[in-house]
Amino acid sequence: MKLWAGRFQKETDTLVNDFNSSIGFDARLYKQDITGSIAHATMLGQQGIIEEHEAEKIIEGLKAILADIEADKVEFSLDNEDIHMNIEALLTQRIGDAGKRLHTARSRNDQVALDTRMYVREEIPTIIGQVLELEKVLIKKAKGNLDTVMPGYTHLQRAQPTTFAHYMMAYANMFKRDVTRLEDCLERLDECPLGAGALATSTYPVDRFATAQALGFKKPTDNSMDSVSDRDYAIELLSALSILMMHLSRFSEEIVLWCSWEFKYVDLDDAYSTGSSIMPQKKNPDVAELVRGKTGRVYGSLVTLLTIMKSLPLAYNKDMQEDKEAIFDAIDTVELCLPVFSAMVDTLTVRPKNMAKAAAGGFINATDCADYLTKKGLPFREAYMIVGRLVNLCIKSGDTLDTLTLKDFRAISSLFDEDVYEALALKTCVNERKVYGGPAKESVQKQIELIEEFVQARA
Ligand code: ARG
């Protein structure tokens with residue numbers, strides 16, 4: 001018999017029963033649900049809304065249910081629709097009438113708002129921890145490759161020289177922003193919706209400050225209608241996770257390119273790559289590709305949630321039950337991707353020789369050549385034109401700038417001298433870029449220091 005049988009003259013259709021039920025996916029909120037109910041029952045007792053001894057009985061009953069769920073001794077039922085009603089039904093079954101008083105001055109609307117918020121609040125630090133582990137890997141890779149010169153790209157065309165360390169710290173800065181976005185999200189969700197009731201609180205003297213405090217929130221939410229209809233915290237989380245996945249996906253794309261024979265900048269560890277079922281020579285970057293692929297799932301969850309919410313009138317609507325699978329799947333996906341991605345980067349081997357070879361071939365010192373002339377007094381635009389002509393010459397003759405003879409150089413501009421070779425050496429090109437944020441060793445060391453401080457502040 002349903003809770004609401006008093007109002008109804010017919011049983012729920014079996015199709016509707018299955019359709020309406022969320023226990024299949026919201027069972028994972030059992031711990032948050034019980035924790036919230038314990039805080040609620042405690043407050044009901046303290047406020048004299050129910051008898052103290054009943055509150056105690058409820059709390060004991062709930063604790064026993066929690067222990068049994070954790071020992072895998074509880075079976076939930078579809079008939080009880082969701083985790084909230086399943087636990088309440090179990091409680092009443094076990095402790096009798098006192099159990100029926102638990103839901104006084106509460107609705108499933110504030111209950112589910114609380115449970116989901118607490119779930120998200122627990123998962124965010126796990127994700128932050130995983131991102132910080134990745135930061136440590138990037139720091140390690142950067143420290144080992146401060147002098148590993150490689151081409152930097154624009155339009156995927158070789159552009160200017162940089163180092164593998166500089167490259168790693170670019171990603172480290174992206175992931176740093178991801179951490180702060182997740183921290184912002186935690187900060188803003190730190191308000192407790194419990195006590196908002198269905199939408200308009202309650203006629204009982206509910207103490208929302210007490211439950212907020214007991215559940216570790218800074219304060220209760222300020223408006224009860226907003227409390228039960230707000231899913232911003234989840235949308236914020238899924239936005240932050242989408243951006244994080246976008247970063248992982250860009251990085252994955254680079255790794256896929258870098259371990260191709262066309263680049264061979266890195267070798268993935270055998271333990272972090274896979275073979276082909278037919279082509280014996282293959283070693284595939286499946287981990288990077290899967291992370292790139294799973295990014296779509298997380299974006300999908302964000303769009304699902306935004307679309308669910310876009311036309312909902314205040315306050316609670318059943319559409320909102322659809323939020324959970326999107327939230328859970330996005331969190332699960334990110335928590336699955338991060339550790340394996342970090343391990344893959346940690347174990348990859350850098351091929352500095354191949355990077356140097358590519359760096360030597362693509363005229364990535366052309367800007368430096370123009371700068372050389374500019375430093376001798378020529379306006380940059382004129383210098384740019386001259387170097388353009390030199391590059392054209394090289395392409396025709398199969399040379400690079402540094403293989404031209406001084407005679408070739410001077411045929412185009414008399415400003416060129418013997419010191420041009422030193423100025424065009426890739427090491428010089430990198431190490432002269434000492435500007436804050438740049439690729440010179442000392443600049444990158446500063447960048448590493450800043451990320452190290454960021455990570456240590458969160459240890
Ligand atoms: N299972 C529901 C959900 O996930 C709980 C809230 C139900 N509230 C209601 N008024 N039907 O959203």
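The values are calculated or read from the model by the stated rules, or taken from the named source; none is laboratory data. Computed from a predicted structure; not experimentally measured. Methodologically, a virtual Cβ is constructed for each residue, glycine included, from the backbone with ideal geometry; neighbour enumeration extends over all protein chains shown.
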Open item on the list: Checking the structure you have, find out if any residue of segment 215-226 is at pLDDT 95 or above, surrounded by fewer than 22 Cβ atoms within 10 Å (Cβ to Cβ), among the acidic types (Asp, Glu) and more than 18 Å from the chain's Cα centre (by Cα).
Closed with: yes
* Asked: Somewhere in segment 120-127, is a residue at pLDDT 95 or above, of a type in the set (Val, Ile, Thr), under 16 Å from the mean Cα position of the chain (by Cα) and within 16 Å of the ligand (Cβ to nearest atom)?
  -> yes
Subset of segment 235-284, residues of a type in the set (Phe, Trp, Tyr) and either touching a strand residue (DSSP E or B) at 6+ places or on another chain (Cβ under 7 Å) or over 22 Å from Pro339 (Cα atoms) (or both), comes to Trp258, Trp261, Phe263, Tyr265
For segment 63-96, the count of residues that are under 34 Å from the mean Cα position of the chain (by Cα) and away from the ligand (no atom under 16 Å from the Cβ) equals 11
Scanning segment 267-284 for residues that are touching a residue at least 60 places away in the same chain (Cβ under 8 Å) and surrounded by fewer than 22 Cβ atoms within 10 Å (Cβ to Cβ), the one nearest to Val350 (Cα to Cα) turns out to be Asp267
Given the conditions (1) among the hydrophobic types (A, V, I, L, M, F, W, C); (2) in contact with a Phe, Trp or Tyr (Cβ under 7 Å, 6 or more places away or on another chain); (3) within 24 Å of Thr307 (Cα to Cα), every one holds for Leu182 apart from (2)
Scanning segment 60-86 residue by residue, those buried (at least 20 other Cβ atoms within 10 Å of the Cβ) and in contact with a Ser or Thr (Cβ under 7 Å, 6 or more places away or on another chain) turn out to be Leu62, Glu81, Asp82, Asn86
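Results for (1) assigned to a helix (DSSP H, G or I); (2) free of Cβ contacts under 8 Å to residues at least 24 places away in the same chain, shown as yes or no for each residue.
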| site | (1), (2) |
| --- | --- |
| Lys407 | yes, yes |
| Ala411 | yes, yes |
| Leu415 | no, no |
| Tyr436 | no, yes |
| Glu449 | yes, yes |
Picking from Pro205, Pro161, the residue that is surrounded by fewer than 24 Cβ atoms within 10 Å (Cβ to Cβ) and either more than 16 Å from the ligand (Cβ to nearest atom) or under 20 Å from Arg433 (Cα atoms) (or both) would be Pro205
Exercise. Could you say whether any residue in segment 332-348 is farther than 20 Å from Thr126 by Cβ and either out of contact with any strand residue (DSSP E or B) (no Cβ under 6 Å at 6 or more places or on another chain) or charged (D, E, K, R) (or both)?
Worked result: yes
In the set Ala105, Ala89, Ala98, the lone residue that is over 17 Å from Asp319 (Cβ atoms), among the small types (Gly, Ala, Ser) and surrounded by fewer than 19 Cβ atoms within 10 Å (Cβ to Cβ) is Ala89
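Which residues, counting only those in segment 6-24, are within 12 Å of the ligand (Cβ to nearest atom) and outside any helix (DSSP H, G or I)? Working first, answer last.
If we filter segment 6-24 for residues that are within 12 Å of the ligand (Cβ to nearest atom), which is where we start, we get 20-24.
Ser21, Ser22, listed by residue number.
Determine whether Ile139 is within 30 Å of Ser224 (Cα to Cα), more than 16 Å from the ligand (Cβ to nearest atom) and in a helix (DSSP H, G or I). Show your work before the answer.
Working: within 30 Å of Ser224 (Cα to Cα): no; more than 16 Å from the ligand (Cβ to nearest atom): yes; in a helix (DSSP H, G or I): yes.
Spelling it out, it is not the case that Ile139 is within 30 Å of Ser224 (Cα to Cα), more than 16 Å from the ligand (Cβ to nearest atom) and in a helix (DSSP H, G or I).
Looking at Asp68, Asp72, Asp97, Asp79, which is the one that is outside any helix (DSSP H, G or I) and acidic (Asp, Glu)?
Numbers: Asp68 fails: outside any helix (DSSP H, G or I); Asp97 fails: outside any helix (DSSP H, G or I); Asp79 fails: outside any helix (DSSP H, G or I).
Just a single option satisfies the conditions, and that option is Asp72.
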Within segment 24-35, residues crowded, with 16+ Cβ neighbours inside 10 Å, of a type outside the set (D, E, K, R) and out of contact with any Lys or Arg (no Cβ under 9 Å at 6 or more places or on another chain) come out as Ala27, Tyr30, Thr35
Matching residues in segment 3-35 (polar (S, T, N, Q), at pLDDT 90 or above and closer than 15 Å to Ser77 by Cβ) number 5
Flag if Gly300 is modelled with pLDDT of 95 or more, surrounded by fewer than 15 Cβ atoms within 10 Å (Cβ to Cβ) and either touching an Asp or Glu at 6+ places or on another chain (Cβ under 6 Å) or of a type outside the set (Phe, Trp, Tyr) (or both): no
